[in-house]
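Encoded as structure tokens, the structure appears first; notes follow it.
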Amino acid sequence: MYSRIIINDLKNSKLISVTTFLFVAASAMLLALAGMLFINLTGAIDGLMMVAKTPHFMQMHSGEVDLERLEIFSESNDAIQAFQVMEFVNFESWDMVVEGLPFDGGIQDNGFIKQGRRFDFLVNLEGEIIEPKNGEIYVPLSYMREGSIKEGESVALYGSVFTVAGFLRDSQMNSPLSSSKRFLVSDSDFETIKSMGKMEYLIEFRLQDLDDLRTFETEYIAAGLESNGPTLTYRLFRVINGLSDGLMIAVIVLVSFLVVVITFLCIRFTLLARMEDDYREIGVLKAVGFHNSDIIRLFLAKYTVITFLGCVFGYLASLMVKDSLLEDIKLFMGTYHQTGVEVFLGIISAVVIFVIVLAYVYHVLRRIRTVSVTESIRFGAVQEHSRMYRSFLMSKSRVLNSNVYLAIKDVLGRKKLYWTMMIILLISICIMTLPINLLSTISSDRFVSYMGIGKSDFRVDIQQTADIQQKADAIASVMENDSDILRYVVLTARSYVVLGDDGRDGRLRIEAGDHSVFPIMYSEGRMPTEPGDIALSAMNAEELGKRVGDKITVIIGGEAVQLTVCGLYSDITNGGRTAKAAFSDFDDTVMWSVISAEVQAGSNLGSIVSRYAETFSYAKVSNIEEYVQMTFGSTIVAIRRASNVGILVAFFISFLITLLFVKMLVSKDRYSIAIMKSIGYNSKDVCFQFIVRILLVAIAGIGLGILVSITMGEHIAGLMISSFGATSFSFEINGIFTYLVCPALMLIAVYTATLISSQSVKSINIATCIKE
Amino acid sequence: MKIISGKSITKQFGEGSERRTILDHISIDILQGEFVTIMGASGSGKSTLMYALSGMDYVNSGEVLFEGSELSKLKEEKLSDLRRARMGFVFQQPTLLKNLNLLDNIILPAVREKKLDRREIVVRAESLMDSVGILELSMRDITQVSGGQLQRAAICRALINSPSVIFGDEPTGALNSSSSQEIMNILLDINKHGTTVILVTHDAKVSAVAERIFFLSDGKIVSEMRLPPYEGTNVEDRVQRVSEEMMELGI
């Protein structure tokens, strides 16, 4: 009997069944994809980092390295499992010639290296440790992706000619977010060319137990070992490796959550409408002795079939789609071989969707228990209305056209029904506008100021070199007399001992100078302006356990000085561990200096940047726009793609749901429509009423959706952006898209769907409906 | 003068072997100002004939002329205009919109017609409601009044645009005898003022108020009875004549 009922029901409500099926399938597909991508990403990262034996602690350093002292430290520290110092030779892009043309290395710090002896191995695309032959060079994968270099091409570097033998995966520096890229050559080639570039040392440690990392860091700093460059840890490498794809997975999870919500709303709407239609029949079934559970089973049977088919289809679709989404992960991180786990996780995701959808259907169906036999048979579904609704009368209205009046009255009278539709449209506009505003925020030139970089035109970084202070002064004096420079500021960082509350001393790198020239955004508090102020990066604040208003004791010029934490900020520069202060100090050794500058309006920024880069070869000169492009370029592309998909998906959802909604409304209202037709309202009148009803709901949904998108959306996007290190930020709203293009697209989708669906009004036969 | 003229009307339902002829080449003329009833057993096609004559349902063949216009040739909008301005309908179940009160239900066709301004429409509706005794219920929801009161409201709605014909499909079918009599009195009164009334009924008592009665069986008019004008005649005699005819025809 059930199979006959289900088949008849499916035949009679094709559109509803197909839509519910599609949404269940989409939910199952997205969740299964998120699960499979997650397991692939983490599995591949772990796999790569295991094969490559990524260092647990790495200190970059330039200048002299006291190897003997490092070895003594290493031998005396039981926490250390292995230790090595790798030589990393930086070269400028123009030093390398690929097939006769200068290499386009962007703003990356490119350098060559020989294979690690004990750990930190560079691996090939098969995941094997590379042993380059003489004359061979292996190139970072990101350049293969960009198409800058191809396999087999010849590369000339400092008079030596290499052949690109392949590409390498670098467990430390794969990500575009990592500012350095390592090229691998054979040991003997390395010895030949190493004296031609700028030498930098990577002091690397593997620990017995990764949990001892913090203690080890403190001990390393306390030992006063080489440390004039950034410090990087295993956890940071892991985060950087997973970031771009992790963000994509986060977006998929978010979208799948929204699709599940839409599925629920869709089911709620169709079920409630169906139950309202069948109210009398439910009463009759009860009257003739059917139990509530029997009736619930009748309704549940159809949804069980649809949900099951949807989940199976969704899972199969996820298997087909996953490979294209896994491309990047596989390329950069390698393949995750535990197919069983992947399949299991995908199936579990689909099962989760199956269970929660059916649980929800059951939850909605519980209303059947409340249907009273006598009332349902006498009156059908009766709704109570508010006084305001009752006082909204056509006889009292002087101006409202009867069709507009009837439309408004209907919306006010069936709020629950239209509420569902409104929420779906609200979510749809959020799906449209959120990625767009996220995109405009990340693309905005102000965005860097949330990342610890003041908004200037270009910056000059001097670090890991001798006489930093003098070099900075020299650049500053050139800028002072440079008519192209509108303003500039020199910030100088020194390393200070900070007295910990637990009695343990640590070191803090404090950037001193005028922070008001190119201010950054502070997630809490303000910039340092007084000599007693200090602002901490989020990472430092967390490690030191400090908040705004707390005191911190720093040894300056041999004296313990108490500073007050005036602000907290996010930082992606210098390993994220920085501090900013306004005091003057000329005693300690300068660790780095940053000179930020803004050029005169109309100046050619590119040529100025090139001029400074050529004049001051010891410094790294970065065009901020280019820096943003290089750092966030791939993210911007991914989010742009997500926003395009978002627009399409939201347009499609709005169109499909409206199509279904109006179709159901027409079917539900056919008796009222027949009455209207019998008293002289034509099909155009009725269609117009539907358009007004839906547009009213759409305008409310879109309006509220935009509000939600720019308020709550900011927080949601904040969660995503915080993964880049920015702890707080405000949306840069793309006004044209948010307030004009997206609402217009939604209205077009909704209007077109209503117009198409309401055409079925024409086929409503007065005689048949009234006689029913 | 003929207000409605049906020529060889045929109406069929169903497809293929299940196809059934409900109206079988029926020709019928109704004059302006007449009070006509159509009688027949259940399934004889009497309601279908009324829907065909009012243009609410299409016919498979034949033609229906309403005030000279052939209904099947009119576009839907023209047909709606005609239905709104020239026809009024009262059905067995009071077909009022659930979300409107009685007054708003009644003025609905007039607001769409736009011949009068809203104030004039309300005044006219209230006068109609007063004439059928439901003025004090004008602000009530349709769930708050009795079946007889609803039917009176439906008659007011049918009259709001001063139509030339009122169609009634068993308008007293769901009412008790006293309410039924009141509704018939109202319809007689309307007819007295020149509006043509066409009723479908299976009740001899209701049918007996008419001047002309068509008896239908198996989709055909099997008999036509003429009675003198209702006023001043013996009601029981009229009912007796109708009942006898029905007996004779086996209805």
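The values are calculated or read from the model by the stated rules, or taken from the named source; none is laboratory data. A quick note: this is a predicted structure, and the numbers were derived from the prediction, not measured. Because the Cβ atoms are built from the backbone with ideal geometry, glycine has one as well, and the counts that use them run over all protein chains shown. Heavy atoms of the whole protein, side chains included, go into the accessibility calculation; ligands, DNA and RNA do not. Shrake-Rupley method; radii C 1.70, N 1.55, O 1.52, S 1.80 Å.
Tally the residues that are touching a Gly at 6+ places or on another chain (Cβ under 6 Å) and over 17 Å from A:Tyr234 (Cβ atoms), restricting the search to region A:55-75.
Looking only at that region, the number is 1.
List every residue pair whose Cβ atoms sit under 6 Å apart, with the two residues 6 or more apart in sequence or on different chains, where the first one lies in region A:748-764 and is within 14 Å of A:Asp685 (Cβ to Cβ) and the second, anywhere, is open to solvent by 50 Å² or more (accessible area, probe 1.4 Å).
As it stands, the answer is A:Ile764/A:Arg670, since those pairs meet every condition given.
Pull up region A:677-698, narrow it to residues that are of a type in the set (A, V, I, L, M) and open to solvent by less than 10 Å² (accessible area, probe 1.4 Å), then point me to the one that is farthest from the other protein chains (Cβ to nearest Cβ).
So, considering only residues that are of a type in the set (A, V, I, L, M) and open to solvent by less than 10 Å² (accessible area, probe 1.4 Å), the one farthest from the other protein chains (Cβ to nearest Cβ) is A:Ala698.
What is the residue count in region A:752-770 for residues that are more than 10 Å from chain B (Cβ to nearest Cβ) and either among the acidic types (Asp, Glu) or assigned to a helix (DSSP H, G or I) (or both)?
Final tally of qualifying residues: 11.
Which residues, taken from region B:117-174, are surrounded by fewer than 23 Cβ atoms within 10 Å (Cβ to Cβ), away from chain A (no Cβ under 11 Å) and among the basic types (Lys, Arg)?
Result: B:Arg124, single match.
Note down all Cβ pairs under 7 Å where the first residue falls in region A:460-489 and is under 20 Å from A:Val599 (Cα atoms), the second is of a type in the set (Asp, Glu) and not in a strand (DSSP E or B), and they're at least six residues apart or on different chains.
Partner pairs satisfying both residue conditions: A:Val489/A:Asp514.
Is it the case that some residue within region A:536-545 is under 37 Å from the mean Cα position of the chain (by Cα), acidic (Asp, Glu) and farther than 23 Å from A:Leu605 by Cα?
Looking through region A:536-545, at least one residue is under 37 Å from the mean Cα position of the chain (by Cα), acidic (Asp, Glu) and farther than 23 Å from A:Leu605 by Cα.
Considering only region A:482-593, give the strands (runs of 3 or more DSSP E) lying wholly within it that have at least 1 residues that are open to solvent by 20 Å² or more (accessible area, probe 1.4 Å).
Where strands (runs of 3 or more DSSP E) fall fully within region A:482-593 and carry at least 1 residues being open to solvent by 20 Å² or more (accessible area, probe 1.4 Å), they are A:485-499, A:505-512, A:551-556, A:559-569.
Would you check which residues across region B:66-92 are within 8 Å of another protein chain (Cβ to nearest Cβ) and among the polar types (S, T, N, Q) and list them?
Scanning region B:66-92 gives a single hit, B:Ser80.
Which count do you get for residues in region B:214-237 that are more than 23 Å from B:Ala52 (Cβ to Cβ), among the hydrophobic types (A, V, I, L, M, F, W, C) and not in a helix (DSSP H, G or I)?
So the answer is 1.
Considering region B:101-122 alone, what residues qualify as being closer than 20 Å to B:Arg86 by Cα and either touching a residue at least 40 places away in the same chain (Cβ under 8 Å) or of a type outside the set (D, E, K, R) (or both)?
Within region B:101-122, B:Asn105, B:Ile106, B:Ile107, B:Leu108, B:Pro109, B:Ala110, B:Val111, B:Glu113, B:Lys115, B:Leu116, B:Ile121, B:Val122 meet the criteria.
Out of the residues in region A:401-443 that are open to solvent by 20 Å² or more (accessible area, probe 1.4 Å) and facing chain B (nearest Cβ under 9 Å), state the one that is nearest to A:Asn682 (Cα to Cα).
Among them, the one singled out is A:Asn401.
Can you pull out every residue in region B:94-110 that is facing chain A (nearest Cβ under 8 Å) and either among the aromatic types (Phe, Trp, Tyr) or assigned to a loop (DSSP other than H, G, I, E, B) (or both)?
Selection gives B:Thr95, B:Leu96, B:Leu97, B:Lys98, B:Asn99, B:Leu100.
Quick one: how many residues across region B:5-32 are charged (D, E, K, R) and outside any strand (DSSP E or B)?
Qualifying residue count for the region: 3.
Give, as residue ranges, the strands (runs of 3 or more DSSP E) completely inside region A:1-120 that count at least 3 residues that are over 31 Å from the mean Cα position of the chain (by Cα) and farther than 30 Å from A:Gln338 by Cα.
The qualifying strands (runs of 3 or more DSSP E) are A:80-90, A:96-98.
Tell me, which strands (runs of 3 or more DSSP E) lie completely within region A:129-178 with 1 or more residues that are surrounded by 14 or more Cβ atoms within 10 Å (Cβ to Cβ) and under 35 Å from the mean Cα position of the chain (by Cα)?
Those strands (runs of 3 or more DSSP E) span A:136-140, A:160-168.
Return only the number of the condition from (1) open to solvent by less than 20 Å² (accessible area, probe 1.4 Å); (2) assigned to a strand (DSSP E or B); (3) among the β-branched types (Val, Ile, Thr) that A:Ile475 does not satisfy.
Result: A:Ile475 passes all but (2).
So which residues in region A:251-290 are open to solvent by less than 30 Å² (accessible area, probe 1.4 Å) and under 30 Å from A:Gly718 (Cα atoms), if there are any at all?
A:Ile252, A:Ser256, A:Val259, A:Val260, A:Ile262, A:Thr263, A:Leu265, A:Cys266
When only residues in region B:43-65 that are within 12 Å of chain A (Cβ to nearest Cβ) and hydroxyl-bearing (Ser, Thr, Tyr) count, which is farthest from B:Thr21 (Cα to Cα)?
Filtering region B:43-65 for residues that are within 12 Å of chain A (Cβ to nearest Cβ) and hydroxyl-bearing (Ser, Thr, Tyr), the one farthest from B:Thr21 (Cα to Cα) comes out as B:Ser54.
Modelled with pLDDT of 90 or more and closer than 30 Å to B:Asp104 by Cα: is that true of A:Val404 in this structure?
Spelling it out, A:Val404 is indeed modelled with pLDDT of 90 or more and closer than 30 Å to B:Asp104 by Cα.
Is region A:111-121 home to any residue that is exposed (fewer than 15 other Cβ atoms within 10 Å of the Cβ) and more than 22 Å from A:Arg238 (Cβ to Cβ)?
Yes.
Return the pair list, or none, for Cβ contacts closer than 9 Å from residues in region A:425-451 that are under 11 Å from A:Phe731 (Cα atoms) and outside any helix (DSSP H, G or I) to residues that are open to solvent by less than 10 Å² (accessible area, probe 1.4 Å) and of a type in the set (Asp, Glu), at least 6 apart or on different chains.
Cβ pairs passing all conditions: none.
For region B:191-227, which positions are surrounded by fewer than 20 Cβ atoms within 10 Å (Cβ to Cβ) and over 16 Å from B:Ser27 (Cα atoms)?
Within region B:191-227, B:Lys192, B:His193, B:Gly194, B:His202, B:Asp203, B:Lys205, B:Glu211, B:Arg226, B:Leu227 qualify.
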